[in-house]
1. Take the alpha carbon atoms of the range B:205-232, find their center, do the same for the range B:16-44, and report the distance between the two centers in whole angstrom.
2. As I understand it, the dipole of the protein assembly as shown uses +1 on the Cβ of Lys and Arg and -1 on the Cβ of Asp and Glu, about the Cα centre. Which of A:V119, B:L257, A:A254 lies farthest toward its positive end?
3. At 0.36 nm per residue, and after removing the present C-alpha to C-alpha distance, how many nm does the segment from A:Q217 to A:R109 gain when stretched out fully?
4. What nm value, rounded to one decimal, do you get for the distance between A:F11 and B:R3 when each label is placed 7 Å out toward the C-beta?
5. R0 = 51 Å: FRET efficiency of A:D191 with B:R187, Cβ-based, nearest 0.05?
6. What residue among A:V140, A:V246, A:V237 has the largest mean-square fluctuation in a Gaussian network model of chain A, using Cα springs under 10 Å?
7. Pairing the Cα long axis of helix B:20-29 with the longest principal axis of chain B, what angle in degrees results, from 0 to 90 and rounded to the nearest 10?
8. For B:W94 and A:A72, FRET efficiency with R0 = 51 Å and r from the beta-carbon atoms, rounded to 0.05?
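Values in this text are rule-based calculations from the coordinates and carry no lab data. The structure presented is a predicted model; accordingly, all values stated were derived computationally and were not measured. Neighbour counts are summed over all protein chains in view; Cβ atoms, including those assigned to glycine, are modelled from backbone coordinates with ideal geometry.
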Amino acid sequence: MLIATALEKRFGAVRALAGLDLAIKPGEFFALLGASGSGKSTLLRVLAGFDAPDAGTLRLDGQDLRPVPPWARPINMMFQSYALFPHMNVADNIAYGLKRAGVPVEERRNRIAAALELVGLQGLEARKPQQLSGGQKQRVALARSLVMRPRLLLLDEPMAALDAGLRERTGLELRALQRKTGAAFIMVTHDQQEALALADRIAVLEGGRVAQIGPPQEVYARPATRFVARFLGAANVLEGRMRNGVFESAEAGADIAMGLPTDTVAIALRAEQIRLASADEAPSVTGILEDAAFRGDDWLMVVRLPGGASLRVLHNAPPPAPGSAVSLTWEAGAVVPLFA
Amino acid sequence: MPRGILLAPLWTWLLLLVAAPLLILVVMALATPADGVPPFMLGWRFAAFAMLVEDFYYADALVAALRLAATTAGLCLLIAYPMALGMAGVRPAWRLPMLALLMLPFWTGFLLRIGAWIGLLRDEGLINHLLRGLGITDAPLALLYTEGAMLVGMVHAYLPFAVLPIFTALIRLDPALLEAAADLGARPARVFFSVTLPLTLPAAAAGFLLVFIPAAGEFVIPELLGPPEAQVIGRVLWQEFFQNRDWPLAAALALALLALLILPIRWFQRLGAGA
């Protein structure tokens, strides 16, 4: 549906988009995940038409989008600050786009009512944005975009301005709305939990290009690069190299795995996939327990390896005393080879 | 207590420079004119106020002053809004130099600037010289001491006061609002009239008032550039104080002007509350 190839955008010396490729399918919930400065917001602005790309192509259902100004693009955007018009009430905010599109009064009224019902804000038509709570503002912004029936909705950090308690529920509602309307959503976020929980597919951006793209489970389980492994949360990354079919890690001071591809430059190992080895097992690695912290569901252990690197390990029983020697093990499949 | 200390200069200012002069004006307006220093005797008489109502000369002067002030403020607004829009549109690094340029005229004295206009507009002045030199006219055009000269001088003197609040409001406007409007299908002109303009209207009203209020009491510019028949309240005040030496009448006139100017201030407060 939306196809971007080799997008470039420079701001002075900064290369915000560096040859970015992306293809969005109709009706999917897509999350753009990245740290600040990764180019995710710039990409959104380029898609909406607020910034013009320096190079590359941008097509929506075959139509070249580059010469199309923002007001003529069949794409709508929900802003991080919501950008509700402070001088208009809720109904007028939602009516704004419909008026520009020349929708007749009667239909306009019906569509506004339907949009308000969709986001559960019936009865607030006459309120000014200043009289709404953060969550209500977010819904009005959503209704204002969705009432335009866009085929593609861009959401810039839609949950960033909400209280932590409201975020989870709002996220689920957002996905339900996406399913109901059938529009493709592209959500920009720096919160990997949010992206993993809601999206059909995610793209991790790094330095203005896509580092990895795929369904959340796949990207989470098989990160392709050190960056993705670290960014998606809590994976241990150990540097090393393949020699005679064995991955040797000087940092760990041990051989970690066998049979990985020969171009492996590092491995990722999730904290929850490492466990204490029982007495009759051959440990994968041994180390000293440096520290342990109770987290509610489990304990986080930090284990110093002989080579100096430390491993984060999640353990679901009270850990040994800090300073004691521990033996760790994991399934062979838990080791993910990284190639960059 | 620290709050009280912080507010002390404000209250001192208000007391010494607003309340006390106002009280003196009221006392003066109720006094009887007399020969001597000061030229009145304290009393309790409303003759000065009665005179303001009876003699249409004063009412006319008030109307003329309000008309001049409204015209000046209106013209200033028409010029100031596009100016502010242009200034707010430049790169942020250029904004400060733009502001400095706007304030540049204040680096020379007010009277010098009026003097410069006299030099330009008088019969033997630069403009008439040029027109005759180019053969466009043979007799000098009467430019000075006209309504036009007066308005040019007024607008020139007061324009920055109208630009400043509008400029400030424009640079504070969240760019996301303009982008949201464009995103919802509004072309640039529509974005301006439906978002930018309504959201900066209170600032435009403030700019209007910042010009209107001092312009209503202005007497130097009408005196030096305007036609003799432009008997605005400022000039009449001056005449009553210094030529006729009827201080009670002049004081009553000043109070009447003050009372009239409270109306637009109230109107502005209501506008601010509505936005």
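1. Here the answer is 25 Å between Cα centres.
2. Farthest towards the positive end: A:V119.
3. Difference between extended and current length: 34.7 nm.
4. Placing both labels 7 Å beyond Cα along the Cβ direction yields 4.1 nm.
5. The formula returns an efficiency of 0.90 here.
6. Per the Cα network of chain A with a 10 Å cutoff, A:V246 tops the list.
7. Orientation of helix B:20-29: about 50 degrees from the principal axis.
8. 0.95
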